[in-house]
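Novice: Before I ask anything, here is the structure I am working with.
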Amino acid sequence: MEAKPKHSFLFSLFTIFLSLSTASTSFQTQTLTLHSLPNPPTLSQPEPESTEPDPDSSTTLSLDLHHIDALSFNETPHQLFNLRLQRDAARVLSFSSIISKATSQNKTKPTGSFPGSGFSSSVTSGLSQGSGEYFTRLGVGTPPKYIYMVLDTGSDVVWLQCKPCRRCYSQSDPIFDPALSTSFAGIPCGSPLCRRLDSPGCNQKKVCQYQVSYGDGSFTFGDFSNETLTFRRTGVARVAIGCGHDNEGLFVGAAGLLGLGRGSLSFPSQTGTRFNKKFSYCLVDRSSSTKPSSMVFGESAVSRTARFTPLIKNPKLDTFYYVELLGISVGGTAVRGISASLFRLDQTGNGGVIIDSGTSVTRLTRPAYVALRDAFRVGATRLKRAPEFSLFDTCYDLSGLSEVKVPTVVFHFRGADVSFPAANYLIPVDNSGSFCFAFAGTMSGLSIIGNIQQQGFRVVYDLAGSQVGFSPRGC
């Protein structure tokens with residue numbers, strides 16, 4: 001029997017070696033430059049405030065955004081981070097509660113009544129302890145009185161605290177007095193705007209009444225009214241707002257909330273003819289940049305480099321921005337065990353994936369999270385592991401290092417692949433070099449793309465085109 005040529009054996013060895021080396025080099029990584037927890041932000045000096053809004057019909061607005069931590073005083077970076085995680089957990093829990101109520105078969109109205117009134121409780125929203133993570137400064141009324149308002153994609157109604165106060169929480173500016181505004185006008189009980197509220201009420205003067213309740217028991221109640229809002233010098237007339245005379249709960253510093261959801265009473269929906277139902281924001285990573293975060297309304301909000309994915313509708317709930325997530329890649333390879341079926345929004349209104357500005361940490365339904373986490377751990381075996389921290393179960397001790405290589409993470413939305421910078425998913429949790437994988441699992445069917453993962457992208461909400469876009473390096 002003829003012996004196999006020696007060179008044939010060597011060629012086989014070489015082929016195996018080549019395939020192994022190709023497999024190892026094709027695994028995609030990127031460099032993470034290490035930073036500590038950011039110092040508490042400070043509020044920059046507000047721009048000179050106009051006493052007369054510009055009545056022009058400008059079709060673009062742009063605003064600076066500030067992180068809610070700027071309204072917390074005497075807190076260390078570590079304390080602020082822990083408070084952020086506490087707010088996050090409360091928000092996610094109450095989002096689940098909203099969806100549970102919206103999708104329940106018994107669509108009965110709650111029996112609780114408004115303070116001092118005879119009608120039932122309205123929508124429950126998940127915006128506890130400050131109602132969101134970012135706020136801006138704007139003017140209310142004519143002449144405008146300037147206040148801080150939280151901006152939130154997870155709710156619709158625009159509201160602020162108003163005199164006279166039955167109960168008001170502490171805010172950083174004087175409370176708005178509608179009696180001093182020439183543009184303030186109550187909305188009549190029978191008007192179409194009033195009927196858009198979930199459970200509108202009516203006072204003795206036949207003025208529409210609203211209430212928004214929050215997941216932690218906080219609420220705001222008062223008159224539903226038309227008023228002028230001023231952004232820098234641009235006035236926006238006849239915005240339907242809640243003028244809250246009874247406001248209770250864990251609100252922090254800001255005077256109220258600018259709802260940016262998909263519902264018909266949100267600011268983008270109300271101003272659709274002027275700003276074409278388009279807005280975008282870019283949230284800055286405060287640990288590596290001193291630039292302000294920003295928000296734009298109108299055609300200028302749409303970045304030319306944005307990759308768009310279609311919005312889909314939840315038949316039971318119109319507030320949230322649902323998108324289709326088809327899969328996730330780590331290190332350039334699709335994660336096994338993650339498919340579109342794990343993120344599907346079903347006909348009963350359960351499941352699905354939403355984009356949210358007020359949730360910090362991205363939550364994925366538990367099976368998807370475990371598969372993603374395990375794939376990341378395999379790709380990051382060279383990093384020294386550290387103990388778990390809070391909701392994070394995958395942490396690393398990177399003390400003494402200035403940069404590390406980490407596996408790439410890409411989310412595959414329908415029509416748009418979004419590749420996250422390393423700083424958007426391996427984040428500092430203390431000032432001792434501990435970094436954690438910034439995703440978490442949830443037993444709820446709802447997955448949420450949070451603002452840590454959105455940092456550095458211009459996120460474009462195009463309600464007119466029913467799509468959301470992501471533009472990298474958009475700040």
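Novice: Does the range 258-265 contain any residue that is more than 21 Å from Val239 (Cβ to Cβ), in a strand (DSSP E or B) and in contact (Cβ under 8 Å) with a residue 60 or more places away in the chain?
Specialist: No: the range 258-265 contains no residue that is more than 21 Å from Val239 (Cβ to Cβ), in a strand (DSSP E or B) and in contact (Cβ under 8 Å) with a residue 60 or more places away in the chain.
Novice: Say we look at the range 311-336 and pick out the residues that are over 18 Å from the mean Cα position of the chain (by Cα) and either within 22 Å of Arg473 (Cα to Cα) or of a type in the set (Gly, Ala, Ser) (or both); which of these is surrounded by the most Cβ atoms within 10 Å (Cβ to Cβ)?
Specialist: Val330
Novice: Filter the range 183-225 down to residues that are of a type in the set (A, V, I, L, M) and outside any loop (DSSP other than H, G, I, E, B) and give me whichever is surrounded by the fewest Cβ atoms within 10 Å (Cβ to Cβ).
Specialist: Within the range 183-225, the match that is surrounded by the fewest Cβ atoms within 10 Å (Cβ to Cβ) is Ala185.
Novice: Does Ile427 satisfy being open to solvent by 10 Å² or more (accessible area, probe 1.4 Å), in contact with a helix residue (DSSP H, G or I) (Cβ under 7 Å, 6 or more places away or on another chain) and not basic (Lys, Arg)?
Specialist: yes
Novice: Could you please tell me which pairs satisfy a Cβ distance under 7 Å, a separation of 6+ or placement on different chains, a first residue in the range 137-157 that is of a type in the set (Gly, Ala, Ser), and a second residue that is at pLDDT 90 or above and part of a loop (DSSP other than H, G, I, E, B)?
Specialist: Gly141/Ser181; Gly141/Ser183; Gly141/Phe184; Gly154/Gly261; Gly154/Asp356; Ser155/Gly261
Novice: Of everything in the range 266-318, what is among the basic types (Lys, Arg), closer than 22 Å to Asp156 by Cβ and part of a strand (DSSP E or B)? Give them in sequence order.
Specialist: Lys278, Lys313
Novice: Restricting the search to the range 430-445, which residues are closer than 21 Å to His35 by Cα, open to solvent by 20 Å² or more (accessible area, probe 1.4 Å) and out of contact with any Pro (no Cβ under 8 Å at 6 or more places or on another chain)? Give the steps one after another, and end with the answer.
Specialist: Here is the first cut: in the range 430-445, the residues closer than 21 Å to His35 by Cα are 430-439.
Narrowing the set further to residues that are open to solvent by 20 Å² or more (accessible area, probe 1.4 Å) leaves 430-432, 434.
Asp430, Ser432, listed by residue number.
Novice: In the set Pro53, Pro5, Pro41, Pro77, which member is surrounded by 11 or more Cβ atoms within 10 Å (Cβ to Cβ) and modelled with pLDDT under 60?
Specialist: Being surrounded by 11 or more Cβ atoms within 10 Å (Cβ to Cβ) and modelled with pLDDT under 60 holds for just one of Pro53, Pro5, Pro41, Pro77, which is Pro53.
For every residue, the table says whether it meets (1) in a strand (DSSP E or B); (2) touching a strand residue (DSSP E or B) at 6+ places or on another chain (Cβ under 8 Å).
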position: Tyr369; (1), (2): no, yes
position: Leu372; (1), (2): no, yes
position: Phe376; (1), (2): no, yes
position: Leu383; (1), (2): no, yes
position: Tyr396; (1), (2): yes, yes
position: Leu401; (1), (2): no, no
position: Val406; (1), (2): yes, yes
position: Phe411; (1), (2): yes, yes
position: Val418; (1), (2): yes, yes
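The values are calculated or read from the model by the stated rules, or taken from the named source; none is laboratory data. These numbers come from a predicted model, not from an experiment. Neighbour counts are summed over all protein chains in view; Cβ atoms, including those assigned to glycine, are modelled from backbone coordinates with ideal geometry. All accessible areas refer to the heavy atoms of the entire protein, side chains included, with ligands and DNA or RNA removed. Shrake-Rupley method; radii C 1.70, N 1.55, O 1.52, S 1.80 Å.
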